[in-house]
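What follows is a set of notes on a single structure, which appears directly below.
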Amino acid sequence: MTLGGYANCIARVDLTREKVDYEKPNEDDLKKYIGGRGLGVKYVLDNGPNVEPFSEENILCFMLGPLVGSEVTMSGRMAVVTKSPLTGTVTDSHHGGWSGARLRWAGFDGLVFKGKAKKPTYAYIENGNVSLKDASHIWGKNVHDTIKTLTQEYGKQDLSVVTIGQAGEKLVRFAAIVNENDRASGRGGTGAVMGWKNLKSLVIKGNIKNKPTPARAEEFRKAVATANTAIVKGAVTAPRNGGLSVYGTNVLMNIVNEIGALPTKNGQLTQFEHADQLSGETVKETILVNDPTCHACPVACKKEVEVKEGKYKVHMESTEYESMWSLGANCGCSSKEAIAKMVDMTNDYGIDTIEAGNCISVTMEASERSLIREKIQWGNPDQMIDLIHKIGRREGAGNILAEGAWRAAKTFGDEGMANQVKGQSIAAYDPRGMQGMGIGYATSNRGACHLRGYTPASEVLAIPQKTDPLGWEGKGKLLTIFQDLHAISDSFDICKFSAFSEGIAEYLAQYTAMTGVQTDADGLMKTGERIYNIERYYNNLCGFTGKDDSLPEKFLKRPGSGPAAGHVCDLEKMKKEYYDARGWIDGVVPQQKLRDLGIIA
Amino acid sequence: MMDLSEIRMDYLTEIRVQVVYFGKAREAANASAEVRPLSSPASVEQLLSEVLNAHPALARIRQVVQVLVNGRWASENMQLKDGDRVAFVPPVGGG
């Protein structure tokens, strides 16, 4: 049986030998792991756990799901999957825009790079072919200049460029991979792996006439129409009407702050008095100029802004909640203009804004406590801009910060300052004000991450139902459902925000009609469970156990502020409930569970 | 000697609550925040009724707005106290 939707082509690129082989993905793997994140993790597992992130043996996978590049609403994302140099776990990091769709239209389900090129190299991809080319003329350029140069060479028509900036070349452990729309695969340092391999960019030419063909066309058309209706009528996602569409993700700033779950000044507090100045509502009233979108997306949640004059003058892609938080409340900074400038810089260097903000907040706390001589003031945007330059170039103090917030905190003398799990920093939700996020961070397979299991949907946004953010009971079980559901959408690689209006029924209908796979809702959720467990299995083989499913002591012992006053994160209680729901023993997947899920024989 | 906590303020017939509006509720109210006097005792439902009278455009999102009182989800029959902070939260999403 040939499954619909897939291009049936994976390119295996050996950068050391400058050789490209093409293979059809194994159909059993596709049925078990779908594509995108799931298939990428399967390839990373098959490659073996005992590889160093910065090594020829580590693989760097650019993966798509079977719905990418089709008419399916919000189907434009690409997953980058590898062993992370920041955490040592498997990591997958996704970005939107059009590069995922164009890679599919260029004839691929994925590209897997191994080895190390002898000199700076870029990959040119078109019509089912990958060729390796000399990148010496773009090595050393940041993202925006790289894209400008390659666009001049190849022409804008049907073009996507996926690239690293200086940060990836200099092996900043949280270097990102960024495309021509400034969409970033930000977390986990995938850009550093790309830089270590001397791989500068992917240049993709893909035309929409090559969009995927569904197995059951009429059924597919109806499934897409039903899902699209859910999106355009959804209270959150309705174009130009729903909260996400009108204000972008940054509409969360005021709400998360209101419940006392906004990590402030490196987690010293859980409310920021200037939150409204950074909020989506204020951005809309002041510096918003456009609402860009991605392939097949009517929501248009991006919020393009312009600061017309002054030292923070910038016209940039989008002020997202996470970035506005990490460089805002997290660092005590209340200038949305300065933060817009800083985000544009991190996009250009190719740096994860979440980790960058955490590095800076750790430095500010270290300075406050006189652990370092330098006076880095809370909320000083000019000092923050200077640190971002230093991180991107690995200069001076930037060489320490480029190792990530956890390693930097250790160097400064107190690793407890870093708000991290497995070496990756937390996102814009404080576990003392939002218990579900506490167990979510702790058990995330790629280090602290809010997207593995987005419990704020329930705790803050009442989707699908409202839960008390300060209550712990039931959060372990709830998290497993979110984690499995997001594993599915990440493996389709459709935008996670579709889940604000779509559910398993809509996902199932589109997937089965596109691919022809026979399954039901339980079967699809089982696939999500399998994907979450294969990641955990890989991490277990790398030596990660339940002791690594932890949180910094401040979240367990120091109460929050505002509505979270008096509250700490009840992690141990939730962990027991979570492991029971997962069927794991102290964070380890038992062999029988692996067999039951079909991960091992 | 009297314990301050025992003093009854029965003579207070009016309370003042701070109301904040987020997302589309802000547009509908044409305000980010305001202080509203209410006759005591007052419930969230009564406040909603007063706010809808003052800002009729809020009626469009009335059914989907959720209410936080002092940062905690609140039911409509919850009683309000002087100085409470009430937030109107319309459907939003993000990451």
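Nothing in this text is a laboratory measurement; each read-out follows from the coordinates by a stated rule. Note that the coordinates shown come from a computational prediction; the quantities given were computed from them, not determined experimentally. Quick reminder, even Gly has a Cβ in these numbers, built from the backbone with ideal geometry, and neighbours come from all protein chains shown.
GluC sites (Glu not before Pro), restricted to the range A:254-289: which are DSSP loop and have at most 15 other Cβ atoms within 10 Å?
Sparse-neighbourhood loop GluC sites (Glu not before Pro): A:Glu273.
In sequence order, the range A:353-364 has phi-based couplings of 5, 5, 5, 4, x, 5, 4, 5, 5, 4, 5, 5 Hz under the Karplus curve 6.51 cos²θ - 1.76 cosθ + 1.60, θ = phi - 60°, and Gly or Pro positions carry x. When both bridge partners sit in the protein assembly as shown, DSSP labels roughly 75% of those beta bridges antiparallel. All other residues whose Cβ lies under 15 angstrom from that of A:Gly503 are scored, Lys and Arg at +1 and Asp and Glu at -1, for a net of -3.
If you count the DSSP beta bridges with both ends in the range A:10-210, what percent of them are antiparallel, to the nearest 5? Numbers along the way, then the final one.
Working: 33 of 44 bridges.
Looking only at bridges with both residues in the range A:10-210, the antiparallel portion is about 75 percent.
For GluC sites (Glu not before Pro), the sites in the range A:453-559 that DSSP calls loop and that have at most 15 other Cβ atoms within 10 Å are A:Glu473. Could you tell me the distance between the Cα centroids of the range A:477-492 and the range A:116-161, to the nearest Å? Result: 34 Å between the Cα centres. Shown here for the range A:345-400: trypsin sites (Lys or Arg not before Pro) in loop regions (DSSP other than H, G, I, E, B) with at most 15 other Cβ atoms within 10 Å, namely A:Arg369, A:Arg373, A:Lys375.
Below 10 angstrom from the Cβ of A:Gly100, what's the summed charge of the other residues (Lys, Arg +1; Asp, Glu -1)? If you can, show how the numbers build up before the last one.
Numbers: positive: A:Arg77, A:Arg102, A:Arg104, A:Arg183; negative: A:Asp493.
Result for the local shell: +3.
In chain A, helical runs assigned H by DSSP with n ≥ 4 each contribute -39500 (n - 2.57); averaged across all residues and rounded to the nearest 500, the mean residue ellipticity at 222 nm is -11500 deg cm²/dmol.
Please give the net charge around A:Thr16, taking every other residue with its beta carbon less than 13 angstrom from that of A:Thr16, where Lys and Arg add +1 and Asp and Glu add -1. Mind dumping the intermediate values first?
Details: positive: A:Arg12, A:Arg17, A:Lys19, A:Lys114, A:Lys116, A:Lys118, A:Lys119, A:Lys197; negative: A:Asp14, A:Glu18, A:Glu56, A:Glu57.
Around A:Thr16, the charge tally is +4.
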